[in-house]
Amino acid sequence: MRASILGGTGYVGGELARLLLGHPVFDLVQATSRRHTGKPLHTAHPNLRGTGDLTFTDPARPERVDVLFSALPHGEFAARLDELSGRADLLVDLSPDFRLHDPEAVRRYYGAGSTARASGAPAFVPGLPELYRDRLRTADRIAVPGCMATAAVLALRPLADAALVDGDVLVDARTGSSGSGNTPGPAGHHPERASALRVYGPVGHRHEPEITQHTGVRARMTVTAVPAVRGVQVVAQVRPGRAVTRAEVWDAYRKAYADEPFVRFVAQRQGLHRLPEPRTLLGSNHCDLGFDLDDDRIVAVAALDNLVKGAAGGAVQSANLATGLPERSGLEFPGLHPV
């Protein structure tokens with residue numbers, strides 16, 4: 001099946017290219033870039049040197065393909081939706097354009113000029129196979145959730161389904177610098193980022209309504225930039241409203257994810273790797289989940305690679321389902337250790 005990438009020079013575009021070039025069925029035939037039109041992919045992504053002779057093409061001339069992945073900046077995919085709908089059987093968007101269904105949430109978190117997108121959002125199935133697998137099998141439009149939202153939703157949804165969440169949930173998220181994209185700016189400047197633990201989203205982060213939309217739980221999120229390139233870790237403080245046992249929490253997670261190909265449980269009681277840590281997941285499409293308990297709270301922890309399971313890998317996994325392919329196709333890489 002022919003596949004293309006709109007917005008192929010960013011970090012997510014690079015991960016899409018890496019995964020699609022190694023995919024057994026999807027054939028990457030186009031990756032677009034305004035800045036690098038006519039240049040080989042390794043101009044922007046040196047790790048792709050020697051993987052073929054594909055060059056970047058003009059984004060104004062999308063080819064007709066079976067699957068189109070969009071890694072365009074916020075707002076650009078929505079502005080071109082009518083045009084792009086005729087260029088592919090399946091559209092997979094990795095921007096925030098069609099993630100939220102509630103117009104008020106869109107207005108509050110993205111501004112009044114974005115609210116029109118909410119009316120089109122229900123046509124997009126969320127790119128979260130663990131929650132929406134059956135809908136994804138018949139989808140022709142997919143909206144991939146944000147990376148930190150994906151981790152938080154996978155950590156919280158089983159607890160919500162088991163009635164183990166009472167009231168708001170505090171979500172402490174830590175993210176590496178690649179989550180900010182490859183456009184230079186003060187926040188990503190090495191002297192400012194290295195060795196720093198900078199709380200840049202203390203309240204009101206845009207992933208909050210995504211978490212609520214997929215879990216029914218009101219999330220209060222704080223985001224910290226950490227001195228890593230890849231990786232997301234979320235720590236969610238959950239008040240269950242009653243006494244719970246460790247076995248009860250594990251039962252909730254196993255009921256939800258026992259057969260999931262890309263969700264793993266971290267259950268070690270001692271040693272260095274007792275709870276999920278993103279470093280061992282780099283390059284993989286896995287999300288690791290774990291938790292601990294005290295008298296009146298569950299501390300749920302999730303980790304993933306923000307560019308893979310939190311973006312490009314989640315997109316390919318969802319596209320595999322939508323096109324009738326085995327879900328693991330092109331996504332078997334287990335991660336690296338040490339890095």
- Picking from His101, His205, His273, which is most flexible by a Gaussian network model of the chain using Cα springs under 10 Å? His273
- Note on the structure: Inverse of <1/r> over all distinct C-alpha pairs of the stretch 215-339, i.e. the Kirkwood Rh in Å, gives 15.9
- Query: Which one of Leu307, Leu72, Leu81 has the biggest mean-square fluctuation once the chain is modelled by GNM with Cα springs under 10 Å?
  - Reply: Leu81
- Query: Can you work out the FRET efficiency for the pair Arg61 and Asn182, with r the C-beta to C-beta distance and R0 = 35 Å, to the nearest 0.05?
  - Reply: 0.90
- For the stretch 230-291, one quarter of the surface area of the C-alpha convex hull, expressed in nm², comes to 5.0
- Which of the trypsin sites (Lys or Arg not before Pro) found in the stretch 232-339 are loop residues per DSSP with 11 or fewer other Cβ atoms within 10 Å of their Cβ? Arg242, Arg269
- Query: In a GNM of the chain with a 10 Å cut-off on Cα contacts, which of Val266, Val171, Val235 has the highest mean-square fluctuation?
  - Reply: Val266
- Give me the percent of the accessible area of the chain that comes from carbon and sulfur atoms, probe 1.4 Å, all protein chains in place. 50
- Distance in Å, no decimals, from the C-alpha centre of the stretch 218-258 to the one of the stretch 144-205 is 12
- The answer for the per residue Cα convex hull volume of the chain, in Å³, is 135
- Item | Accessible area expressed per residue, the stretch 231-329, with surrounding protein chains retained (probe 1.4 Å, Å²) | 40
- For the stretch 27-94 and the stretch 305-339, distance of Cα centres in Å: 18
- Task: Please work out the average accessible area per residue across the stretch 90-222, using the 1.4 Å probe convention, and give it in Å².
- Result: 44
- Task: Identify the GluC sites (Glu not before Pro) of the stretch 245-338 meeting these criteria: DSSP loop state and at most 12 other C-beta atoms within 10 Å of the C-beta.
- Result: Glu332
- Message: At a threshold of 8 angstrom on Cα-Cα distance, excluding pairs fewer than six apart, so keeping six or more, what relative contact order does the chain reach in percent?
- Response: 17
- What number in nm² do you get for the stretch 156-214 if you take the convex hull of its Cα atoms and divide its surface by four? 5.4
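Take the eigenvalues of the Cα gyration tensor for the stretch 177-288, scale each by 5, and report the square roots as semi-axes in whole Å, largest first.
The equivalent ellipsoid of the stretch 177-288 has semi-axes of 29, 19, 14 Å.
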- Item | Semi-axes of the equivalent ellipsoid for the stretch 47-112, Cα gyration tensor, largest first, Å | 28, 15, 10
- Principal axis lengths of the stretch 87-164 from Cα atoms, whole Å, largest first? 37, 32, 18
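The values are calculated or read from the model by the stated rules, or taken from the named source; none is laboratory data. Only a predicted model underlies this, so the values are computations on that prediction, with no experimental measurement involved. So basically every Cβ, Gly included, is an ideal-geometry build from the backbone, and we count neighbours across all protein chains shown. Protein only, heavy atoms only, side chains kept; ligands, DNA and RNA dropped before computing areas. Shrake-Rupley method; radii C 1.70, N 1.55, O 1.52, S 1.80 Å.
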